[in-house]
Amino acid sequence: MGIFQRFARLPLKSTYIWSLCPQYSTDLTAVDRALIVRSSQLIQHRCVHSRVMGASPGNPGAAPPRLPFSRVTREDLAFFRTLLPGRTITDPDLLKSSNVDWLKTVEGNSEVLLRPKTTEEVSQILRHCNERNLAVCPQGGNTGLVGGSVPVFDEIILSTSLMNQVITFDNISGILTCQAGCVLENLSNYLEERDFIMPLDLGAKGSCHIGGNVSTNAGGLRLLRYGSLRGTVLGLEVVLADGRILNCLATLRKDNTGYDLKQLFIGSEGTLGVITAVSILCPRKPKAVNVAFLGCSSFQQLLETFQCCRGMLGEILSAFEFFDASCMSLLEKHLKLTNPITESPFYIVIETAGSNATHDEEKLHKFLEEVMTSSLVTDGTVATEATKIKALWSLRERVTEALTHEGYTYKYDISLPVEKIYDLVQDMRGHLGDMAKNVVGYGHVGDGNLHLNITSPSKDPALLAAIEPYVYDMGSRLSPSWAALKPCWILRAFSTLTKHCQTIYTNSFLVFMIYMKNKAVFILLQCFCNTVIVLNWTVIDQTLKYLICSVLCKSHALN
């Protein structure tokens, strides 16, 4: 953390890394120095792209210009077809679905879709693209909602859809190792047959890939119970941009052998490398599951219900989700779903999961009795059967689907302090007035994650111009984490963010992230080597020093 704090105090200059790390700055090659300069220039370029990138206050969603990457040639296609016979797709009709995001709001123009089956194939693809300076867009299930999984221009799409095999499963430790293209729901079904479950659950589980989940550090419905993927993912196999394979596919819950390199790639969204395999710790399948669907008359009462819920349900509490009355109206209008309780301003979905049905039902009954008698909850229903549980969960999980029928949707995925989670929705409604068709809020109360959605009959640049300066200003005052900030800069234009994201990333920090994208492992190795020297280990010969470095940094896994 100290490194990033020091970066924040440095001016945006191409020499900032040398100022930070003078002990090894002289070891940087001309290529490394050029990379740093180019990274700095790129960020500065984006900071002023309201003039050169087509963005303006009236058009904050403009895409950046195409960078000087090579274009695919016949020789490139011949290489790919030899490597991937029958799995190099160039048919425009087959490419169409991979060029468009799930919401049908952004579209790329890729002419090549590659579908490898093995890590070695991914390695050869990226090695070739690196040598030819060809841009690549990694793609999993393409369920993202902000355009991060589709090309901006004509990048080669690297799909993991055929990398869908379970490698191993240990039914004693509950550790699953699988390829990155495994669909989340398929993994859940595989584990349930063995009396285990995935620690992650999403509304898009029927099509999202575990590799994409890890790349975006997806939270989902069970984060309250099982924590984030940074804790449950034990190891990763990753192919770096130059084709090298980083094998950190550990299956140990405790591993103190140096730098935890996998954390670099969890949440990196494909910018540091392509995740090809995952090992993840899976909990045992609960023997008793209950779902309560409740209504509250105010958000303050919803928060008090959450506080009571955590105190009374404790270890069996698995999820605490909410959505507002506007969401319920859309579910009833577009999906013909039925509200199982009386109409309320806010709705809660609570799930408990445990090993003793009698014990869990007793605790849930006491909790419901408490919140009803204290008037925190106005009405509610409970489901214990699988079909009824699924029906109640569908009300929360299908909100995104219902929103697609409202026209064009502007989406923001934001983490806020729990007590302020709905303030942004109310403020946005007051700010936009009649400009927006709908402003709705739903999300995960347990981890303070709000899904803010604003709809209009069609794409409206004036509406976007009214939303984005305001949402970032308000969010900064509420201490945010912009969970859906994607590197493609399509729906979150950098020109708009530059002023407002200073509480999140400084320009120097962004430069450093670009540098890390290209030299992540190199920097770690070099920092450690110099640490060895500082500690007066100069008596150790270079070979032994490299071996120590390899063990502690796990670099022995690099091809």
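Summary table below
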item	result
Fraction of accessible area attributable to carbon and sulfur, segment 365-445 (%, probe 1.4 Å)	48 percent
Of 333/390; 205/363; 104/437, those spanning more than 24 Å from alpha-carbon to alpha-carbon	205/363
Cβ charges +1 (Lys, Arg) and -1 (Asp, Glu), total dipole of segment 215-365, debye	420 debye
Among 298-306, 214-222, the order from most to least packed when residues are scored by Cβ within 10 Å on average	214-222, 298-306
Segment 74-159, accessible area per residue, ligands and nucleic acids excluded (1.4 Å, Å²)	46 Å²
Residues of segment 166-281: accessible area per residue with a 1.4 Å probe, Å²	37 Å²
Segment 167-275, dipole about Cα centre (Lys/Arg Cβ +1, Asp/Glu Cβ -1), debye to the nearest 20	240 debye
Percent carbon-and-sulfur accessible area, segment 74-159, ignoring ligands, DNA and RNA, probe 1.4 Å	48 percent
Solvent-accessible area, 1.4 Å probe, carbon plus sulfur percent, for segment 166-281	47 percent
Protection proxy ranking, peptides 71-80, 370-379, 175-184, average beta carbon neighbours within 10 Å, highest first	175-184, 370-379, 71-80
Probe 1.4 Å, accessible area per residue of segment 286-401, Å²	44 Å²
Protection-proxy order for peptides 93-100, 118-125, 415-422, each taking the mean of Cβ atoms within 10 Å per residue, highest first	118-125, 415-422, 93-100
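The values are calculated or read from the model by the stated rules, or taken from the named source; none is laboratory data. In this text the structure is predicted, and so the values were computed from the model without any measurement. We place every Cβ from the backbone using ideal geometry, glycine too, and count neighbours over all the protein chains shown. Remember, those area values only see protein heavy atoms, side chains included, never the ligands or the DNA or RNA. Shrake-Rupley method; radii C 1.70, N 1.55, O 1.52, S 1.80 Å.
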